[in-house]
Amino acid sequence: MAFQLDLPKFEAANAQVLGVSVDFNAANTEFANKLGLKFPLLSDTRRVMTRAYGLLNDDPAAASDAKRIAGYLRAKRSWVIIDKEGIVRYVNVNDPRGVMPNDELLEVLAKLR
């Protein structure tokens, strides 16, 4: 929801906000509609992108740990800035309860201009 509230700031920074999850399109659509999100949510059900960027919880030990099984093969809560040339300029992998670092993201975007 924080991205939706700050969407005008990201647009002013000439940035495209995208949400990515390993959930199916239907789940993403329902989530977006429920929260009134106006930015695209992409489905990485094959976990290609999340694995390529190191954002997938694919530690095999989690599969046999009752406390960690729910997060196994799920995307880690992350924020990534990729510039127009496809270069990753910022990555923040955070605890699921962590606050979204919009101010920090906007600062990084301002420095990239």
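Data overview
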item	result
Subset of the stretch 49-65 [in a helix (DSSP H, G or I) and over 14 Å from the mean Cα position of the chain (by Cα)]	PRO60, ALA61, ALA62, ALA63
Subset of the stretch 79-101 (residues that are over 15 Å from the mean Cα position of the chain (by Cα) and either surrounded by 13 or more Cβ atoms within 10 Å (Cβ to Cβ) or within 18 Å of GLU11 (Cβ to Cβ) (or both))	ASP83, LYS84
Residue satisfying all of: in the stretch 41-76; over 20 Å from ASN25 (Cα atoms) and of a type in the set (Lys, Arg); surrounded by the most Cβ atoms within 10 Å (Cβ to Cβ) among these	ARG68
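Residue-wise test of (1) under 12 Å from the mean Cα position of the chain (by Cα); (2) more than 19 Å from PHE3 (Cβ to Cβ); (3) of a type in the set (Phe, Trp, Tyr).
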| residue | (1), (2), (3) |
| --- | --- |
| ARG68 | no, yes, no |
| ARG77 | yes, no, no |
| ASP103 | no, no, no |
| LEU106 | no, no, no |
| LYS111 | no, yes, no |
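Yes/no matrix, rows are residues, columns are (1) assigned to a strand (DSSP E or B); (2) polar (S, T, N, Q); (3) at pLDDT 95 or above:
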| position | (1), (2), (3) |
| --- | --- |
| ASN14 | no, yes, no |
| ALA26 | no, no, yes |
| ASN33 | no, yes, yes |
| ALA70 | no, no, no |
| LEU73 | no, no, no |
| PRO96 | no, no, no |
| VAL99 | no, no, no |
| VAL108 | no, no, no |
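The values are calculated or read from the model by the stated rules, or taken from the named source; none is laboratory data. Everything quoted here is computed from the prediction, not taken from an experiment. When we count neighbours, we look across all protein chains shown, and the Cβ atoms used for this are built from the backbone with ideal geometry, even at glycine.
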